[in-house]
1. Checking the conditions here, which among S118, S106, S152, S128 is of a type in the set (S, T, Y), at pLDDT 85 or above and surrounded by fewer than 19 Cβ atoms within 10 Å (Cβ to Cβ)?
2. List the pairs whose first member sits in region 213-240 and is without any contact (Cβ under 8 Å) to a residue 40 or more places away in the chain, whose second member is assigned to a loop (DSSP other than H, G, I, E, B) and not small (G, A, S), and whose Cβ atoms are under 6 Å apart, counting only residues at least 6 apart or on separate chains?
3. Filter region 47-81 down to residues that are among the basic types (K, R) and either within 16 Å of the chain's Cα centre (by Cα) or on the phi > 0 side of the Ramachandran plot (or both) and give me whichever is modelled with the lowest pLDDT.
4. Mind listing whichever residues of region 62-95 are aliphatic (A, V, I, L, M) and either out of contact with any helix residue (DSSP H, G or I) (no Cβ under 6 Å at 6 or more places or on another chain) or not in a loop (DSSP other than H, G, I, E, B) (or both)?
5. Out of (1) under 21 Å from the mean Cα position of the chain (by Cα); (2) modelled with pLDDT under 90; (3) of a type in the set (S, T, N, Q), what's the single condition that is false for S23?
6. What pairs can you find where one residue is in region 267-282 and touching a residue at least 24 places away in the same chain (Cβ under 8 Å), the other is in a helix (DSSP H, G or I) and exposed (fewer than 14 other Cβ atoms within 10 Å of the Cβ), and their Cβ atoms are less than 8 Å apart, with a gap of 6+ or different chains?
7. Out of curiosity, is C335 modelled with pLDDT of 95 or more, more than 22 Å from I184 (Cα to Cα) and either buried (at least 20 other Cβ atoms within 10 Å of the Cβ) or touching a Gly at 6+ places or on another chain (Cβ under 6 Å) (or both)?
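The values are calculated or read from the model by the stated rules, or taken from the named source; none is laboratory data. Not measured: the values here are computed from a predicted model. Every residue, glycine among them, receives a Cβ derived from its backbone with ideal geometry; neighbour counts consider all protein chains shown.
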Amino acid sequence: MDSRVAIWGVGMLFFALMVVGESGDVGGGGGSSKRRKCEFPAIFNFGDSNSDTGAGSAAFGEIDEPNGMNFHLRKRSSDGRLIIDFFAEKLGLPYLDAPLDTIGTSFKHGANFAVGGSRISPIVLVGSMIPLHLGAQVSEFLQFKSRTIALSDYHPSNNTKNPPFESNYPEPEVFSKALYTIDIGHNDISYIFYNSSVPTVVNDLSNSVQRLLESGAKNFWIHNTGPHGCLPGSIDGCKMFFKEKCELDENGCVKRNNKQAVEFNKLLKEAVYKLRAKYPHAAITYVDVHSSKNYLVFNAKKLGFTDPFSFCCGTPKIYCGTRNGTDNKLLGTACSDPSKYIVWDGVHYTQAGNRFVANLIMNGSFSDPPLPLSEACHKV
């Protein structure tokens, strides 16, 4: 790590110690006490496996143990909760269910359209599985919204306004008051060299946000993408497949992945500014997840975590949850204490890592404008 990163890390450590209390929650923040809390009635989320709370599990098969070992349902690529789960807790809302997950679910306070493996761009490699890309997720939401509103105006022969299952769906006015969260881009960065370009991907994301804005959405919380080159899976994969041609930076992270992430984030921020100018009625928050994760990675041991380039579940050659094809024995087992690790399976964060990042960004100190999550309905 060079001196600039070291100095930055020390400064950020001091910042975190000032704002993170004994409970691990971030207090204070960039928001003014004069601003009112938004009281969001619902969250509608779009993304990939970093925020998938059930769509992938419903569509492609239940996520196997030890995933979910610290949570009540095996629907997440982690030992426990994701960042979006901590958002729901912070706003006093239930955990989000996926419309693809039809058993025991409720959408009264929002829905989660994120699907593991998804990308922003609809372009995919030949022969690869095609999860729901961002544009398809938005289309799914728009149909969900139109059908929900149609149900609210339903008039059967006995003049009853609403059908008996009304309670599982939001009231029509919820859609304009809800918070719309977007956390996607990881998989695009992984495949960017093969089938697309960063400007194209960012443009696709911007078009999807515009579709939501045109539908009446007003409040957005948009994450940039993290330092992918610092994920253990990226580092191990680079060394395994590129061998001596694998280029690591001074911090031990994959240069190529991080360079693309930085370019993506730069263009995404510019796109957010353009959207604000075009839609002045909307409140669009750009959230610098990249810096918050960098801070956590570079200060992991000082913050009580183990080596940030190691992970808890599986190995570089045996994926977390893998089973033996002959006797179904679990091979990709987990460590004894996931709370000591930032990364769960080489790619996804642990519940502890997700909690730490969530607490940092909910505070508003990594946001543009610097508003906490609970005040993200206020315009610049």
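1. On the way: S118 fails: surrounded by fewer than 19 Cβ atoms within 10 Å (Cβ to Cβ); S152 fails: at pLDDT 85 or above; S128 fails: at pLDDT 85 or above.
None of the other options fit; the residue is S106.
2. G229/C253; C238/C246; K239/C246
3. Going residue by residue through region 47-81, those that are among the basic types (K, R) are 74-76, 81.
Of the ones still in play, those that are also either within 16 Å of the chain's Cα centre (by Cα) or on the phi > 0 side of the Ramachandran plot (or both) are 75-76, 81.
Details: K75: 92, R76: 95, R81: 97.
Among those residues, the one meeting the criterion is K75.
4. Residues of region 62-95 aliphatic (A, V, I, L, M): 63, 69, 73, 82-84, 88, 91, 93.
Passing the criteria: M69, L73, I83, I84, A88, L91, L93.
5. Unmet condition: (1).
6. Here the result reads L267/P199, each pair linking region 267-282 to a residue that is in a helix (DSSP H, G or I) and exposed (fewer than 14 other Cβ atoms within 10 Å of the Cβ).
7. Values: modelled with pLDDT of 95 or more: yes; more than 22 Å from I184 (Cα to Cα): yes; either buried (at least 20 other Cβ atoms within 10 Å of the Cβ) or touching a Gly at 6+ places or on another chain (Cβ under 6 Å) (or both): no.
When the stated conditions are applied, C335 does not pass them.
Let's see how each residue does on (1) within 26 Å of M240 (Cα to Cα); (2) part of a loop (DSSP other than H, G, I, E, B); (3) not hydrophobic (A, V, I, L, M, F, W, C):
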position: V297; (1), (2), (3): yes, no, no
position: G304; (1), (2), (3): no, yes, yes
position: P308; (1), (2), (3): yes, yes, yes
position: I318; (1), (2), (3): yes, yes, no
position: T326; (1), (2), (3): no, yes, yes
position: S336; (1), (2), (3): no, yes, yes
position: V347; (1), (2), (3): yes, yes, no
position: G353; (1), (2), (3): yes, no, yes
position: V357; (1), (2), (3): no, no, no
